[in-house]
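Undergrad: A single structure is presented below for examination.
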Amino acid sequence: MTYGLLQCDHVDGANRHLAGDYLDMFSAWLPGDWRVFDLTAEDFPAPDACDAWVATGSRHSVNDDIPWIHRFADLVRAIDAARAPFAGVCFGHQMMGHALGGRVSKSPRGWGIGVQTFHVHQAEPWMDPPLSTVNLFMSCQDQVEVLPPGATVIASNVHCPVALFRHNSLLGIQGHPEWRMPYARALLDQRTPRLGQAYASHALGTLDRVRHSSELAHWVRNWFALHARR
C-alpha cells in the first residue's frame, strides 16, 4: 500500500534532532511506501491519490478560521465518501469529528498529557493483537466532545471519553503512537510554564509506563487492509 501523509504542521527546528519531522516519526512507527502532502502549504491530494491516509497532529485547532483547515475538512469528507482507509492522529482525529458532523472544543477537563491508559470497549477482529487497555502518549487541549452521527467509540477514559473512534473507513486516535520518548519528554519540559509545575511533573512521572505504539501500528495496518479498495 501507498500511505499518504496529510501533514498538518512541522516539528519545531529546535526539536527536530530528537526524532525528525512528522514523516520521520510516522514512517518509523508504520514502515511503508509514503508520500507527503503538506496541507499547511496548500498541497492537497485527490482522495484516491494513495491507498490509505494518515493525518498528523498540529499546533492548530480544527476550529481555527484558516483556509487550509477548511480545505482539510472538505478532504476528510471526500475520503469518507470514497470509503478510503484513513487514520487520524490527534489533530487528524479531531478533524474526523469536526468534518463529519461532531463537535470539537477545548476539554473542560483540561490538558491531556503524559502516558494515559484507555479502556477498550469491545474487541473487533482488526484489533489484533487484542488489548483490554491501551497506553499512549497524550498532549492536547481540544477533544472530540460530540461524536459524528454513526460513529463508534472504541476506547476511552474519564479524561478523554473519545480516545479512539471509527466512522465507516476512518479511524481516529487522539493519542500519539508515533512519538518517541525523547521528543515527548522535550515537549513536556517546554510546556511546563503553560501547564504548571505540579501538573507537568505528574505527567513526566507517567513516561515510564509501557506504551502500546507497536500494537497500534498493527491495528492501523489491519484497519487499512480491512478497508482497502478492491
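Undergrad: Add -39500 (n - 2.57) for each DSSP H run of 4 or more in the chain, then divide by its residues: what number comes out at 222 nm, to the nearest 500 deg cm²/dmol? Working shown, then result.
TA: Values: 7 runs with 74 residues, N = 230.
Taking each H run of at least 4 residues, the total per residue is -9500 deg cm²/dmol.
Undergrad: Explain nothing, just the number: relative contact order of the chain, from Cα pairs under 8 Å at least 6 residues apart, as a whole percent.
TA: Working: 457 pairs, mean separation 48.7, N = 230.
Dividing the mean separation by the residue count of the chain yields 21 percent.
Undergrad: Assuming R0 = 30 Å, what is the FRET efficiency of LEU226 and THR117, from their Cβ-Cβ distance, to the nearest 0.05?
TA: On the way: r = 26 Å, r/R0 = 0.86.
My answer for the efficiency is 0.70.
Undergrad: Find the centroid of the Cα atoms in region 38-82 and in region 180-204, then give the distance between the two in whole Å.
TA: 29
Undergrad: Please build a GNM for the chain, connecting alpha carbons under 10 Å apart, and tell me which residue among GLN94, GLN190, GLN141 fluctuates the most.
TA: GLN190
Undergrad: While we're on this one: Could you list the residues of region 31-45 with an amide nitrogen less than 14 Å from a label point located 7 Å from the Cα of ASP64 in the Cα-to-C-beta direction?
TA: What the label zone holds, given the 14 Å backbone N cut-off, is 39-42.
Undergrad: At a Förster radius of 45 Å, what calculated FRET efficiency corresponds to the Cβ-Cβ distance of THR152 and LEU204, to the nearest 0.05? Write out the running numbers ahead of the final one.
TA: Numbers: r = 33 Å, r/R0 = 0.74.
So the FRET efficiency works out to roughly 0.85.
Undergrad: What's the ranking of 17-28, 64-75 by average number of surrounding C-beta atoms within 10 Å, highest first? Don't skip to the answer; put the middle values down first.
TA: Values: 17-28: 17.8, 64-75: 14.7.
Output ranking for 17-28, 64-75: 17-28, 64-75.
Undergrad: Now for a separate question. Can you give me the distance in nm between label points at ARG35 and ALA14, each placed 7 Å from the Cα along the Cα-to-Cβ direction?
TA: Here the answer is 3.6 nm between the modelled labels.
Any read-out appearing in this document is the output of simple, stated calculations on the displayed coordinates, not a laboratory observation. As the structure is a computational prediction, the values presented were derived from the model and not from experiment. Methodologically, a virtual Cβ is constructed for each residue, glycine included, from the backbone with ideal geometry; neighbour enumeration extends over all protein chains shown.
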